[in-house]
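*Asks:* Here you go, one structure.
The values are calculated or read from the model by the stated rules, or taken from the named source; none is laboratory data. Computed from a predicted model, the values in this text were never measured in an experiment. Counting neighbours? That spans all protein chains shown, and the Cβs are built from the backbone with ideal geometry, glycine included. Note: areas computed on protein heavy atoms with side chains; ligands, DNA, RNA excluded. Shrake-Rupley method; radii C 1.70, N 1.55, O 1.52, S 1.80 Å.
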Amino acid sequence: MNKVAKKYFFENVNIIDIAEEGKGVGKSDDYVLFVDKAIPGDIADVQVYRSKKNFAEGKIVELKQASPYRTQAFCEHFGTCGGCKWQHMTYEAQLKFKQKSVADALERIAKIDVGSMSPIVPSPADKYYRNKLEYTFSNKRWLNDGENRDDTVLNMDALGFHIPGRFDKILDVNHCFLQAEPSNTLRNSIREFVIQHGYSFYDLKAHSGALRNLIIRTSSTGEIMVIVVFAYADEEEVQNLMGFIAEKFPEITSLLYIMNQKKNDTIFDQEVMVYKGPAYIHEEMDGIKFRIGAKSFYQTNSIQAKRLYEITRDFAGFEGHELVYDLYTGAGTIANFIAGQVREVVGIEYVPSAIEDAKINSDINQITNTKFFAGDMKDVLAADFVALHGKPDVIITDPPRAGMHPDVVNRLMEIGAEKIVYVSCNAATQARDLLVLKEKYETVKIQPVDMFPHTQHVENVILLVLRG
């Protein structure tokens with residue numbers, strides 16, 4: 001082995017932790033090594049393929065000793081697909097390291113005692129748990145090992161997921177373990193039909209092609225929504241494909257399509273056309289119905305969403321007289337879920353269409369003690385808003401991964417509600433916000449919840465109580 005190669009080859013590396021993106025963490029000499037597909041407890045020889053000043057990324061050349069947490073990955077696409085990066089680790093180990101990641105963030109960033117943290121709530125199902133998946137059509141299929149890029153007879157069309165770090169390459173998916181049937185059969189049948197009939201797949205660089213995205217939504221009520229997003233398809237192509245889907249899958253309750261010729265995949269500013277059925281399906285939780293449209297947000301793990309909201313409600317400890325502010329309310333899921341146990345809920349959300357969904361969800365459940373407002377949180381949640389609607393007894397906040405804007409955190413400090421229940425999908429940004437809030441609030445309860453098995457993602461609910 002020459003000097004350059006040897007410099008970037010490490011023998012008998014002990015993997016001591018696991019990082020985001022499913023990489024194992026090891027230490028050798030002056031390097032921190034992030035190793036693909038490595039698990040705490042592994043001992044391996046590692047070849048570095050990318051190095052920086054104080055850390056490097058590498059892959060296992062030889063596994064010298066397998067971790068007791070290691071198990072066989074169940075998906076044929078593991079290691080290529082960007083999802084389910086922890087599936088080579090037992091589910092019990094995944095829960096252990098998710099719990100640790102939350103505790104580490106809260107202790108390291110927020111400097112708070114995590115002695116009140118409860119054991120993470122596992123997902124009852126670790127496969128087929130998602131109610132929504134979005135696939136991409138592309139004429140630039142990712143080639144698997146053994147396929148020759150110069151083979152002119154290769155079919156380069158794909159319907160699947162983006163390759164991590166390669167926005168223009170799509171992995172053609174045979175079977176995905178994230179969403180229950182008819183998801184896989186639907187996707188594979190649609191792919192077969194459009195290839196057989198000569199439809200063009202989208203070119204992500206040239207922005208051309210007939211077919212762009214396929215979105216499949218299912219619900220615990222048994223309803224199914226399918227949305228086909230076209231780019232430059234003609235009317236005959238649209239009608240033929242939609243007719244095929246409707247005939248082959250009569251169980252679909254809402255069949256929709258969109259014409260999107262923008263340079264990005266977002267559909268929130270696009271018109272949704274109905275081919276069959278209503279423009280929505282329903283989800284149900286504790287007897288409350290939620291209308292789900294093509295653009296609606298709803299937690300993608302329905303069973304765990306119910307548990308998450310139960311924990312949120314229980315942490316708040318409602319007695320019936322409370323005025324509650326529900327920040328980042330989305331489609332009003334939490335607001336409507338708790339409305340029957342409080343005096344009034346005021347929901348605020350940035351996306352106007354989500355607020356319209358929230359109002360509809362109140363109406364269809366005959367809930368009359370909710371109010372919803374659209375706008376930027378830091379602008380809406382001003383002193384005059386609180387003066388008009390009243391000082392809340394409880395604030396529930398469920399921000400996006402970036403956490404709350406500093407102005408919003410400061411407003412919570414000024415408002416001084418007796419309780420804050422902070423729901424987060426990113427323990428690091430939650431901890432950053434808690435570093436400020438802890439000046440006035442005591443952390444009383446901490447409850448991680450696993451919404452996304454086989455990934456590093458974890459939800460966390462914290463109860464904060466005003467000091468003094």
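*Asks:* Do we have Gly115 as part of a loop (DSSP other than H, G, I, E, B), at pLDDT below 95 and within 30 Å of Gln430 (Cβ to Cβ) here?
*Replies:* In short, yes.
*Asks:* Any idea which residue in the range 237-291 is farthest from Ser200 (Cα to Cα), counting only those that are surrounded by fewer than 19 Cβ atoms within 10 Å (Cβ to Cβ) and small (Gly, Ala, Ser)?
*Replies:* Gly287
*Asks:* Based on this model, can you work out whether Lys127 counts as of a type outside the set (Gly, Ala, Ser) and either in a loop (DSSP other than H, G, I, E, B) or in contact with a strand residue (DSSP E or B) (Cβ under 6 Å, 6 or more places away or on another chain) (or both)?
*Replies:* yes
*Asks:* Out of the residues in the range 95-111 that are within 18 Å of Ser67 (Cα to Cα) and touching a strand residue (DSSP E or B) at 6+ places or on another chain (Cβ under 9 Å), state the one that is least open to solvent (accessible area, probe 1.4 Å).
*Replies:* Per the stated criteria, the residue is Lys98.
*Asks:* When the residues of the range 398-429 are narrowed to those that are in contact with a Phe, Trp or Tyr (Cβ under 6 Å, 6 or more places away or on another chain) and not β-branched (Val, Ile, Thr), which ends up most open to solvent (accessible area, probe 1.4 Å)?
*Replies:* In this case the residue turns out to be Asp398.
*Asks:* While we're on this one: Considering only the range 21-76, how many residues are outside any loop (DSSP other than H, G, I, E, B), open to solvent by less than 50 Å² (accessible area, probe 1.4 Å) and not hydrophobic (A, V, I, L, M, F, W, C)?
*Replies:* Residues meeting the conditions: 10.
*Asks:* Related question: Which of the strands (runs of 3 or more DSSP E) contained wholly in the range 222-284 include at least 3 residues that are under 21 Å from the mean Cα position of the chain (by Cα) and closer than 22 Å to Val194 by Cα?
*Replies:* So the answer is 224-230.
*Asks:* From the list Leu178, Leu186, which one is in a helix (DSSP H, G or I) and of a type in the set (A, V, I, L, M, F, W, C)?
*Replies:* Working: Leu178 fails: in a helix (DSSP H, G or I).
Residue meeting the stated conditions: Leu186.
*Asks:* Under 7 Å between Cβ atoms, at least 6 apart or on separate chains: pull out the pairs that start in the range 231-256 with a residue that is without any contact (Cβ under 8 Å) to a residue 24 or more places away in the chain and of a type in the set (Val, Ile, Thr) and end on any residue that is crowded, with 17+ Cβ neighbours inside 10 Å and not in a loop (DSSP other than H, G, I, E, B).
*Replies:* Val238/Phe230; Val238/Tyr257
*Asks:* List the pairs whose first member sits in the range 361-388 and is under 22 Å from Gly340 (Cα atoms), whose second member is of a type in the set (S, T, N, Q) and assigned to a helix (DSSP H, G or I), and whose Cβ atoms are under 6 Å apart, counting only residues at least 6 apart or on separate chains?
*Replies:* Asn361/Asn336; Ser362/Asn336; Ile367/Asn336; Thr370/Ser362
*Asks:* For residues that are part of a loop (DSSP other than H, G, I, E, B) and among the aliphatic types (A, V, I, L, M), scanning just the range 304-356, find the one that is surrounded by the fewest Cβ atoms within 10 Å (Cβ to Cβ).
*Replies:* Val351
*Asks:* Is it fair to say Lys205 is more than 23 Å from the chain's Cα centre (by Cα), open to solvent by 10 Å² or more (accessible area, probe 1.4 Å) and modelled with pLDDT under 95?
*Replies:* The answer is yes for Lys205.
*Asks:* On the basis of being within 32 Å of the chain's Cα centre (by Cα) and either modelled with pLDDT under 95 or of a type outside the set (Asp, Glu) (or both), does Ala5 make the cut?
*Replies:* no
*Asks:* Tell me, please, whether a residue that is touching a residue at least 40 places away in the same chain (Cβ under 8 Å), in contact with a His (Cβ under 9 Å, 6 or more places away or on another chain), surrounded by 17 or more Cβ atoms within 10 Å (Cβ to Cβ) and not in a loop (DSSP other than H, G, I, E, B) can be found in the range 133-141.
*Replies:* There is at least one residue in the range 133-141 that is touching a residue at least 40 places away in the same chain (Cβ under 8 Å), in contact with a His (Cβ under 9 Å, 6 or more places away or on another chain), surrounded by 17 or more Cβ atoms within 10 Å (Cβ to Cβ) and not in a loop (DSSP other than H, G, I, E, B).
*Asks:* Please find, within the range 357-380, the residue that is surrounded by the most Cβ atoms within 10 Å (Cβ to Cβ) out of those that are outside any helix (DSSP H, G or I) and over 26 Å from the mean Cα position of the chain (by Cα).
*Replies:* Checking each candidate, the answer is Thr370.
*Asks:* Right, next: Is it the case that Ala387 is open to solvent by 40 Å² or more (accessible area, probe 1.4 Å) and part of a helix (DSSP H, G or I)?
*Replies:* Judged against the criteria, Ala387 is a match.
Every residue, every condition in (1) among the aliphatic types (A, V, I, L, M); (2) open to solvent by less than 10 Å² (accessible area, probe 1.4 Å); (3) out of contact with any Ser or Thr (no Cβ under 9 Å at 6 or more places or on another chain), yes or no:
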{"site": "Asp157", "(1), (2), (3)": "no, no, no"}
{"site": "Phe167", "(1), (2), (3)": "no, no, yes"}
{"site": "Leu171", "(1), (2), (3)": "yes, yes, no"}
{"site": "Asn174", "(1), (2), (3)": "no, no, yes"}
{"site": "Gln179", "(1), (2), (3)": "no, yes, no"}
{"site": "Ile215", "(1), (2), (3)": "yes, yes, yes"}
{"site": "Thr218", "(1), (2), (3)": "no, no, no"}
{"site": "Phe230", "(1), (2), (3)": "no, yes, yes"}
{"site": "Glu235", "(1), (2), (3)": "no, no, yes"}
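*Asks:* Spot the failing condition for Asn184; the list is (1) without any contact (Cβ under 8 Å) to a residue 24 or more places away in the chain; (2) open to solvent by 40 Å² or more (accessible area, probe 1.4 Å); (3) not aromatic (Phe, Trp, Tyr), and only one is missed.
*Replies:* (2)
*Asks:* Of the conditions (1) under 30 Å from Ile303 (Cβ atoms); (2) open to solvent by less than 60 Å² (accessible area, probe 1.4 Å), Gly115 clears all except one; give me its number.
*Replies:* Every listed condition holds for Gly115 apart from (2).
*Asks:* On to the next question. Any residue in the range 211-226 that is free of Cβ contacts under 8 Å to residues at least 12 places away in the same chain sitting within a Cβ distance under 9 Å of a residue that is surrounded by fewer than 19 Cβ atoms within 10 Å (Cβ to Cβ) and not β-branched (Val, Ile, Thr)? List the pairs, counting only those 6 or more apart or interchain.
*Replies:* Final answer for the pair search is Gly222/Glu251.
*Asks:* Being without any contact (Cβ under 8 Å) to a residue 40 or more places away in the chain, part of a loop (DSSP other than H, G, I, E, B) and open to solvent by 30 Å² or more (accessible area, probe 1.4 Å), is that true of even one residue in the range 77-86?
*Replies:* Checked the range 77-86: at least one residue is without any contact (Cβ under 8 Å) to a residue 40 or more places away in the chain, part of a loop (DSSP other than H, G, I, E, B) and open to solvent by 30 Å² or more (accessible area, probe 1.4 Å).
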